[in-house]
Amino acid sequence: MVTPVCNSSTWQPKDSSFLSWPEMFSLDSFRKDRTQHRQRQCKLPPPRLPPMCVNPAPGGTITRASRDLLKEFPQPKNLLNSVIGRALGISHAKDKLVYVHTNGPKKKKVTLHIKWPKSVEVEGYGSKKIDAERQAAAAACQLFKGWGLLGPRNELFDAAKYRVLADRFGSPADS
């Protein structure tokens, strides 16, 4: 127990670990305490997920990996539509991107069927349908980037380059 020592005008604790009045309410003190708390709570590293599947963590929270995907691809549905639209010369890609929704007890699941440049499926989960769609689309954007269909800063290529890339997958650019 800390016993205070009274001076004539100021109160000083004997324990030096006690914060002074301004320090007690400073943001730096709060941040340090919060960081230490997180370090004690988070002893295990976050789980590694396969790149094509964005799953919720046990308990229904979105994992750090999926949040990072949404930081890397802030508007993943628009980006997917833009890549396929530019590659195929179409204004909408609804035939090439099909979102299939499944309602779970707590979470919504979306399976995104991609039909260009090759057929593949990715999954996303969220508390709302749009969140699950965005997670699935972000996972698909990560695949597209890995396949070389997006530039280093998620830039689109011109239609001619997409034709060359589509040939590499054995998919004609207009399929």
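Points worth noting:
- Cross-link pairs Lys115/Lys161; Lys107/Lys145; Lys71/Lys94 - those with Cα-Cα distance over 21 Å: Lys107/Lys145; Lys71/Lys94
- With 5 Å bins from 0: P(r) over segment 61-175, alpha-carbon pairs, percent: 2, 13, 23, 24, 18, 11, 6, 3, 0, 0
- Computed over protein heavy atoms with a 1.4 Å probe, the accessible surface of segment 63-167 works out to 52 Å² per residue.
The values are calculated or read from the model by the stated rules, or taken from the named source; none is laboratory data. Source: prediction; values computed, not measured. What goes into the accessible areas is simple: the full protein's heavy atoms, side chains included, and nothing from ligands, DNA or RNA. Shrake-Rupley method; radii C 1.70, N 1.55, O 1.52, S 1.80 Å.
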